């Protein structure tokens, strides 16, 4: 149930409880600020392409020229025997080099994509940490701001109260002065009436003391 505006102690207790809850929540938020990991993953190393040029040159097997004489005939016989294996090796070399050449651009693009993704992720986390820090700093300013507004309002109320008191004092002084003037006026009127009564009495006495004329003998 809300506290009555006239219950100053209750309002003070509610304000203290609200301040404690706010400070506790702010502390939890401050402790929850993320941090950029110190062991943030790095992009994979660049491909070692130092042997690609050599592979593109050496994959083709060279066939020695046919000789003459019995050595040439022997070499030709051996060539016919190993020709299938030779051809398979040649085909394997060609396929392997072709595969390496076609895989190389994809491997480069994959590494570049991973590197750029890690950069964006690191920058995003850093901005999130910065935002959270700024948010905590902003929330920390709310209490002083509210306290300043409260003091400002309290100062205005004190000034208004002082002005009201000054006006009340002036009105009271004027009322007292008016009452004094009224009392003086009443005293003056009373004095005049008393003097008039005395004058009438004196006139009556004088009239009675005068000698009467022949008509009154």
Could you pull out the residue among 151, 111, 158 that is in a helix (DSSP H, G or I) and at pLDDT 75 or above?
-> 111
Check off (1) modelled with pLDDT of 80 or more; (2) more than 24 Å from the chain's Cα centre (by Cα); (3) in a helix (DSSP H, G or I) for residue 26 and give me the number that stays unchecked.
-> (2)
Members of the range 80-105 that are surrounded by fewer than 13 Cβ atoms within 10 Å (Cβ to Cβ) and over 17 Å from residue 55 (Cβ atoms) | 80, 81, 82, 83, 84, 85, 87, 88
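The values are calculated or read from the model by the stated rules, or taken from the named source; none is laboratory data. This one's a predicted model, so the numbers in the text were calculated from it and none came from an experiment. We place every Cβ from the backbone using ideal geometry, glycine too, and count neighbours over all the protein chains shown.
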